[in-house]
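The values are calculated or read from the model by the stated rules, or taken from the named source; none is laboratory data. Remember, it's a predicted structure, so these values are computed and weren't measured experimentally. As a convention, Cβ positions derive from the backbone with ideal geometry for all residues, glycine included, and neighbour counts pool all protein chains shown. These accessible areas exclude ligands, DNA and RNA; they are computed on the full protein's heavy atoms, side chains included. Shrake-Rupley method; radii C 1.70, N 1.55, O 1.52, S 1.80 Å.
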Amino acid sequence: MPIIAYQLYCSRNFPPLEDTLAMLAGQGWKAVEGYGALYGDAPALRAALDRHGLSMPSGHFALAQLEEDPRGMIAAARTLGIGKVIVPWIEPDRRGSDPDSWRAFAATVARALEPFRAEGFAVGWHNHDWDLADLGDGSTPTDLMAEAGLGIELDLGWVARAGQDPVAWLRRLGPRILAVHVKDLAPAGTTAEDGWADVGHGTQAWDTIRAELSAQGIDHWVAEHD
């Protein structure tokens, strides 16, 4: 059975966190994925996870957190039991516009994650739609992140939002995939909730996607409805 986790960022607008953890435990969830704003008091967060029988096998970390406080973030990840450290996003002014600038930025991300890799963590990048765009030579920013030695947490919702095929991307990245975000799109023209839908209630072809996840041996799924 795969790990099926809930991305806690979904509940960022619904404090307190303890209520979300209780809700998830009551629904039978066993795992969650963290994000940067939660790591200020890692021992307290770990105690809350333990109270509700939840684990945190992966976490999103802002690049600035890794660059400014690598030892502190390593300590937080250790405390929380995180095994996969993932950079989820970068500000527009730090993004490249061509293959060379994206290769340079991918190297920056890889350097920031190197202390984590050296400590035994799996490290990676989480895509949106803009980092799936062809850079003019057949490569995309996501490809260049993988080329730099990073794993990929493939967000299947953003793949579809980019007008691309999730199954094709699962095959394209294959063993580079650390985990996937399982996210659904509402029908075209829907404006509520920014066009997202509850998983299984949107337009994604989950039977086909799930078959490919199995074929690729991808066993860490993170549900998200942003």
### Query
Counting only residues 5 or more places away or on other chains, whose amide H sits under 5 Å from the amide H of residue 3 once H atoms are built in the peptide plane?
220, 221
### Query
Carbon and sulfur atoms: what percent of the 1.4 Å accessible area of the chain do they account for?
52
#### Entry: For region 192-202, 3J(HN,Hα) per residue [Karplus equation, 6.51 cos²θ - 1.76 cosθ + 1.60, θ = phi - 60°, Hz, x = Gly/Pro]
4, 6, 6, x, 8, 9, 4, 4, x, 10, x
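What does the accessible area per residue of the chain come to in Å², with a 1.4 Å probe and no ligands, DNA or RNA counted?
Details: 10170 Å² over 226 residues.
Here the per-residue accessible area is 45 Å².
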### Query
How long, wide and thick is the chain, going by the Cα atoms along their three principal axes, in whole angstroms, largest first?
50, 40, 33
#### Entry: Rounded to the nearest 20 debye, dipole of the chain from Cβ charges on Lys, Arg, Asp, Glu
660
### Query
So who's got an amide H within less than 5 Å of the one on residue 31, skipping anything under 5 residues away but keeping other chains? H placed 1.01 Å off N, in plane.
6, 55
### Message
Sort 22-29, 74-81, 124-131 by the packing proxy (mean of other Cβ within 10 Å over each peptide's residues), most packed first.
### Response
124-131, 74-81, 22-29
### Task
Starting from the amide H of residue 197, placed 1.01 Å from N in the peptide plane, find each other amide H under 5 Å away whose residue is 5 or more places distant or on another chain.
184, 185, 186
